[in-house]
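Report on one structure; see the data block that follows.
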């Protein structure tokens, strides 16, 4: 049975990188005694894949990993068992059955991601950032230079920014909401958008200036022209 | 949410921030207001090394079982964070509470190898604790050292308030109780040290005075405080089955050297190799019961979720119930995705059968540790392994599909000649030939024989404690001889040769048999920037040479000097159970090239029998088993070798 696990990563666990988080979940599966399936071969490994690596320093309310299990245990019991062996900084939110077909794999489905971006020190922002933000987004194209393994290439971010709003959180601090193209094809990191904005608005964005929080990951649904996004969690069902 | 001693900017800038977060699975959190004693346990090397150490896991668990004690951990900050902490004046902190180490009641530092000594000064320095013990007040923790290097604590004497000699499970609680009492009565630090000096196994260096002969050797070492004993006795756990063993070991987030459950099946070794310090220090050899080990294995795998379990001991093949234990592990965990690693096994039909079940024969290698290249020299060092046994074991392994062999030797052993050195190459060649005796269609490509040599360092409390150590040039000349001889062999293309660095070995030799005088050079070297000396990229020999010169110390006094049999050694005030008389007899037998039988075959009266436990006659805890008495110590080492 194929399972999708949704979890949240917060607090000091943001310093634990993706590879170490994979190891963490492998050990957690054993501690929780989840009847996870292994690959065949001389050195079998757990069948487990993550939807999208989260960079060091980022927190998230919507991370996903897919596994395969042998026995039937209820969603509720599994969430309880896993949370009983978690450390502070990782919380399992759901444990759902997903369709058996290969196309349902989280990693290949990821099409978009929601982010909240805050500023460690909001005083670096120019006056009236909202206005500048609107003007920035109103450009015909948002051209950035993206560094890839092969070198640098120019990229227009505009069609890859599905939503972008300059918001304020409860205590009035600026908090940018972004829904960005994500996944293997056109992956846009939120810092790329904010760096483009800083360049446009003419302020400096020092190292570690951004506090980035991922809200959720989505699969694409609907026609290519009018994409609709479905949370990866909603593709599974409780059992 | 947990507070951190380091801010985000620092943690995001440094390598592997997880080294400094704590919060690992099975880390113990307590309310500092509800404990009386806060103990910070330190392994003075980087996190990945320190977290792999079983001893700290045992003591961490033991201390934290007490409600009135909270034991936490600290490791050496890596050079990137070290720099930032100095620039920003950030005090060194313990991982669990993230509180400054200086606020603790105790700082316990494990001394596993000499090359971590500058890191001890780093830990004290970054904590803001005066390096010199006599300058400390109640504003500072009691700094206590333990572990194998504590059997010659003198090079570190001025930096420590106390040393614990022997195995930690026995006397620590008495020390904690004495501390609580003295603090409750508002007693002085001196008062506590006096109480501590009366606890078995505790050495208070400031209570002793040493006088020297004109030639620099020790004339006498006298206690100058009435509470200090003339001899400090090594502490030994008499029942290894009914004692502390962690059921919930810590599970780090980042990959550490020993990323697995470690099951210490026994302590000590019956073999009596004359160069081996552990073989003398951990006498008598004591086993844990099969039932205890099975139970511990189950509980530890369950609580950690580790995917591997490894047996740990100096010579696993000598454990009397090894077959049953290994069978249990394979039957219980073999189909659950848990790997089983079996270090230091003698290669025979049983071990090859077991290994073929638990590892991929094509990928794994066999390890032999003949230690010396000729039978004559193996007799000198009392390594009872013979060439026939090695070739027989290798042959069986080759026929079982293995084609990789690792061979470990030492260069610079007492009485060693050029013939002995060349013997290393010849033995490797014979093993290669044995491989190519297998018909071409039945063997698995070429064989790979890796020969590694380390340079011999004479250690305290071994029969070779009197030995002259070689110079750097002599060492390199020996390695050159081996290298050239290997190149002369027919199967040279199947043999790879690695040798150890000589400079760092010489330094290790100075501190291994050093006295109080060398501490000055240590301090100077640290002040010049020496740190992480066991990491070759951080080892600066020229700074060390400067430090010795400025301290007015001639390193050759500690290394190449000939020591007489009547010399008083800096460590002679410690009683490890094994007598100096026995060691001297073994030193003489080495020169006679006479092999001494192992403890099970025939008791040699080394002195350890006074602990009335383990393998010693009259202890009643183990029957003499003939099948273990065979004098072949052929070894398989797999995975993490004990440092």
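The values are calculated or read from the model by the stated rules, or taken from the named source; none is laboratory data. These figures come from a predicted structure and were not determined experimentally. With ideal geometry, Cβ positions are generated from the backbone for all residues, glycine too; neighbour counts draw on all protein chains shown.
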Tell me, yes or no, whether segment B:615-637 has at least one residue that is on the phi > 0 side of the Ramachandran plot and modelled with pLDDT of 95 or more.
no
Those strands (runs of 3 or more DSSP E) lying entirely in segment A:1-104 with at least 2 residues touching a helix residue (DSSP H, G or I) at 6+ places or on another chain (Cβ under 9 Å), within 14 Å of another protein chain (Cβ to nearest Cβ) and within 23 Å of residue B:25 (Cβ to Cβ)
A:59-68, A:90-97
Residue A:88, sole failed condition from (1) under 24 Å from residue A:217 (Cα atoms); (2) in contact with a strand residue (DSSP E or B) (Cβ under 8 Å, 6 or more places away or on another chain); (3) not assigned by TED's automatic domain parsing to the domain that holds residue A:180
(2)
Yes/no for residue B:465 being modelled with pLDDT of 95 or more, part of a loop (DSSP other than H, G, I, E, B) and touching a helix residue (DSSP H, G or I) at 6+ places or on another chain (Cβ under 9 Å):
no
Residue set A:186, A:171; condition assigned to a loop (DSSP other than H, G, I, E, B), under 23 Å from residue A:66 (Cβ atoms) and not assigned by TED's automatic domain parsing to the domain that holds residue A:7; output residue A:186
Single match in B:577, B:552, B:509 (criterion: out of contact with any helix residue (DSSP H, G or I) (no Cβ under 7 Å at 6 or more places or on another chain) and buried (at least 18 other Cβ atoms within 10 Å of the Cβ))
B:509
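Answer yes or no as to whether residue B:614 is in a loop (DSSP other than H, G, I, E, B) and more than 25 Å from the chain's Cα centre (by Cα).
So residue B:614 does not fit the description; no.
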Restricting segment B:1-15 to residues that are more than 9 Å from chain A (Cβ to nearest Cβ) and under 20 Å from residue A:19 (Cα atoms), which is farthest from the chain's Cα centre (by Cα)?
B:14
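From the list B:61, B:31, B:36, which one is in contact with a helix residue (DSSP H, G or I) (Cβ under 7 Å, 6 or more places away or on another chain) and either touching a residue at least 12 places away in the same chain (Cβ under 8 Å) or away from every other protein chain (no Cβ under 14 Å) (or both)?
It is B:36.
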Scanning segment B:309-330 residue by residue, the ones that are surrounded by fewer than 18 Cβ atoms within 10 Å (Cβ to Cβ) and within 30 Å of residue A:34 (Cβ to Cβ) total 3
Inside segment A:119-147, can you point out the residues that are closer than 23 Å to residue A:208 by Cβ, within 25 Å of the chain's Cα centre (by Cα) and away from chain B (no Cβ under 14 Å)?
A:122, A:133, A:136, A:144, A:145, A:146, A:147
Would you pick out the residues in segment B:196-217 that are more than 24 Å from residue B:577 (Cβ to Cβ) and touching a strand residue (DSSP E or B) at 6+ places or on another chain (Cβ under 9 Å)?
B:209, B:211, B:212, B:213, B:217
Residue count for segment A:179-214, restricted to those that are crowded, with 16+ Cβ neighbours inside 10 Å, away from chain B (no Cβ under 14 Å) and within 14 Å of the chain's Cα centre (by Cα):
9
Within 17 Å of residue B:275 (Cβ to Cβ), touching a helix residue (DSSP H, G or I) at 6+ places or on another chain (Cβ under 9 Å) and part of a loop (DSSP other than H, G, I, E, B): does that describe residue B:606?
yes
Failed criterion for residue B:335 (all others in (1) modelled with pLDDT of 90 or more; (2) out of contact with any helix residue (DSSP H, G or I) (no Cβ under 9 Å at 6 or more places or on another chain); (3) within 12 Å of another protein chain (Cβ to nearest Cβ) hold)
(1)
Helices (runs of 4 or more DSSP H) wholly inside segment B:341-460 that include at least 1 residues being farther than 26 Å from residue B:272 by Cα, modelled with pLDDT under 90 and within 28 Å of the chain's Cα centre (by Cα):
B:349-358
Taking segment A:22-50, which residues are over 19 Å from residue A:89 (Cα atoms) and either in contact (Cβ under 8 Å) with a residue 60 or more places away in the chain or assigned by TED's automatic domain parsing to the domain that holds residue A:182 (or both)?
none
